[in-house]
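The values are calculated or read from the model by the stated rules, or taken from the named source; none is laboratory data. It should be emphasised that the depicted structure is a prediction, and the values quoted were computed from it without experimental measurement. Don't worry about glycine lacking a Cβ; one is built from the backbone with ideal geometry, like all the others, and counts go over all protein chains shown. Quick note on the areas: whole protein, heavy atoms, side chains included, nothing else; ligands and nucleic acids left out. Shrake-Rupley method; radii C 1.70, N 1.55, O 1.52, S 1.80 Å.
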Amino acid sequence: MRKAGILMPVASLPSRYGCGDFGPQAYHFAQLLKQAGFSIWQILPLNPLGYGNSPYQPYSSYAMDDLYLSLDLLAKEGLIHRPYAFHKNFDKIDYEAIRKFREPILREAYANFVPDDAYASYVKQKWLQDYALFMALKKKNGMKAWTEWEKEERDILMDEEADLSLYREEMDYELFKQYELYLQWTALKAFVNTLGIEIMGDLPFYVGLDSADVFSSRKNFLLDEDGRPSFIAGVPPDYFSATGQRWGNPIYDWDYMEKDGFKFWIERLSYCGKMMDIVRVDHFRAFDTYWKIPSSCPTAIEGEWVEAPGYALFDTLFKENPDLRIVAEDLGDLRAEVLELRDHYAFRGMRVIQFSFNEEEMYSDKEHLLVYTGTHDNDTTFAWYRSMKHGEQRWTRRMLKKLGYHSGSFMDDVIQYSLERSADMVIIPMYDWLHLPHSGRINTPGTVGAPNWMWRMKRYDEFSKKIGKIRGALEKAGRAPRRKILER
């Protein structure tokens, strides 16, 4: 079946409290998607935001950020009184101010919470206990990275006789928030699924150094005796950066992982597959070869490509979890072996119109593919068009017209062109449906901090007005069932 989806981060949804969450506005959004004929809602990672508020530098691969915990639903549960609105009409997410506003409210909800058997069962999970301790210690240390803590605290999980009672209250607070997040998310996902819509999640290939993952599983990474990375991740110079991208994530110790049966990766992928319907794995190419940068290098120019045991990992994974559905982020200049790995497991690859609108690629469609106008790392498609030289703009419009797209609106034409590709799956970001300029961009790779990850919608008005038009575009492309015309 030909499907159409929308890319929209949960954080960017409208909300009374300045940042999207799992509450009423998310349910309303799902209903709008149903009306428009969408069958996929793609989100970004929900994990606790780390450095630069990036969802790709999270504090955990399993936990969710408490920003997504709906205060309205907590009020409905009777744990708090419904708070007054905060930053409701801001068009940017002010993470620091919002967290400061929410903290006493969440503390109040925790104080009123009465644990039951379901809670007791949920919080037994090892990853959750490790995460709760990690966060309790981070707070004790003024949110410094765990590599900067005293050795006794850095190595606390290795000490079987360590007294955790000193941190129990703060740990229980973290456990409470994760339990409520789990309840709210699974309820929202179930509702979305009843509407015939699947949720595609995003799994970063690497984890952040300052994360519960590394803190509790150090043998899986190339670290020195103090827990600092010997080598770090990134990519060499490319389209986005002349000096490459120096991400700073620690490199995996693949030799140890293979001997351990890839337990770290299998648990991580399987959990994401449990929480999402489809998993888009970011930077898929690193399962074949990854860029290994000495941690002493200030840029990503110096490094080497090293082979990873991708086949051994996926063979093991699918023996244990044969139903896991993976989309491979396979963009960029790749060696043939990356595509062979992708195709060996029939993973759906990706194509971005902004990168492939040329005479060589526009006629080379295939069905088992996911097409985007752009991703969260691209500028908006309207801004991409506006950044072209006049001659390039004329050529682009001329090619669209030659292919039969000449409505008078570049954005309508390029979206319809994208929807009518042979690919069985097409996803258009929200900012492209709204025809937004550069101000709607979500992230610029190679940069940290504002305005990355801050874009949000204040209300659904403009999107709601487009629902009928969007439905028509999806129907024309055969990506939504045609609406029945009622007889008088």
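Count of segment 257-289 residues, restricted to those that are out of contact with any helix residue (DSSP H, G or I) (no Cβ under 9 Å at 6 or more places or on another chain), assigned to a helix (DSSP H, G or I) and under 17 Å from TYR345 (Cβ atoms), is 2. Every condition in (1) open to solvent by 50 Å² or more (accessible area, probe 1.4 Å); (2) in a helix (DSSP H, G or I); (3) acidic (Asp, Glu) is met by GLU160 except one, and the failing one is (2). Sub-7 Å Cβ pairs linking a first residue in segment 71-85 that is free of Cβ contacts under 8 Å to residues at least 40 places away in the same chain to a second residue that is aromatic (Phe, Trp, Tyr) and surrounded by 13 or more Cβ atoms within 10 Å (Cβ to Cβ), at least 6 apart or interchain, are LEU79/PHE113, ordered by first then second residue. Residues that are out of contact with any strand residue (DSSP E or B) (no Cβ under 7 Å at 6 or more places or on another chain) and either closer than 26 Å to GLU367 by Cα or at pLDDT below 95 (or both) within segment 408-430 comprise GLY408, PHE410, MET411, ASP412, ASP413, VAL414, GLN416, TYR417, GLU420, SER422, listed in sequence order.
Would you check if LEU128 is within 28 Å of ASP226 (Cα to Cα) and modelled with pLDDT of 95 or more?
On the way: within 28 Å of ASP226 (Cα to Cα): yes; modelled with pLDDT of 95 or more: yes.
Criteria met by LEU128.
The single condition among (1) without any contact (Cβ under 8 Å) to a residue 60 or more places away in the chain; (2) open to solvent by less than 50 Å² (accessible area, probe 1.4 Å) that TYR311 does not meet is (2). The set of residues in segment 424-450 being among the hydrophobic types (A, V, I, L, M, F, W, C) and surrounded by 15 or more Cβ atoms within 10 Å (Cβ to Cβ) consists of MET425, VAL426, ILE427, ILE428, MET430, TRP433, LEU434, LEU436, ILE442.
Given the criterion touching a helix residue (DSSP H, G or I) at 6+ places or on another chain (Cβ under 9 Å), open to solvent by 10 Å² or more (accessible area, probe 1.4 Å) and among the acidic types (Asp, Glu), identify the matching residue among GLU198, GLU180, GLU152.
Numbers: GLU180 fails: open to solvent by 10 Å² or more (accessible area, probe 1.4 Å); GLU152 fails: touching a helix residue (DSSP H, G or I) at 6+ places or on another chain (Cβ under 9 Å).
Just one listed residue meets the conditions, GLU198.
Can you tell me how many residues in segment 201-234 are among the acidic types (Asp, Glu) and open to solvent by 30 Å² or more (accessible area, probe 1.4 Å)? Counting residues in segment 201-234 that are among the acidic types (Asp, Glu) and open to solvent by 30 Å² or more (accessible area, probe 1.4 Å) gives 4. Across segment 73-96, the number of residues qualifying as crowded, with 16+ Cβ neighbours inside 10 Å and not aromatic (Phe, Trp, Tyr) comes to 9.
Regarding LEU32, is this residue part of a helix (DSSP H, G or I) and under 18 Å from GLU103 (Cα atoms)?
Working: part of a helix (DSSP H, G or I): yes; under 18 Å from GLU103 (Cα atoms): no.
Answer is no for this residue.
How about segment 314-334: which of its residues are among the aliphatic types (A, V, I, L, M) and either touching a helix residue (DSSP H, G or I) at 6+ places or on another chain (Cβ under 6 Å) or open to solvent by 20 Å² or more (accessible area, probe 1.4 Å) (or both)?
Of everything in segment 314-334, those that are among the aliphatic types (A, V, I, L, M) and either touching a helix residue (DSSP H, G or I) at 6+ places or on another chain (Cβ under 6 Å) or open to solvent by 20 Å² or more (accessible area, probe 1.4 Å) (or both) turn out to be LEU317, LEU324, ALA328, LEU331, LEU334.
Collect the residues in segment 288-298 that are within 19 Å of GLY332 (Cα to Cα) and surrounded by fewer than 21 Cβ atoms within 10 Å (Cβ to Cβ), keeping them in residue-number order. Matches in segment 288-298: THR289, LYS292. Every condition in (1) open to solvent by 30 Å² or more (accessible area, probe 1.4 Å); (2) part of a loop (DSSP other than H, G, I, E, B); (3) among the polar types (S, T, N, Q) is met by SER121 except one, and the failing one is (2). Filter segment 51-72 down to the residues that are among the small types (Gly, Ala, Ser) and open to solvent by less than 10 Å² (accessible area, probe 1.4 Å), then identify the one that is farthest from LYS476 (Cα to Cα). This residue is SER60.
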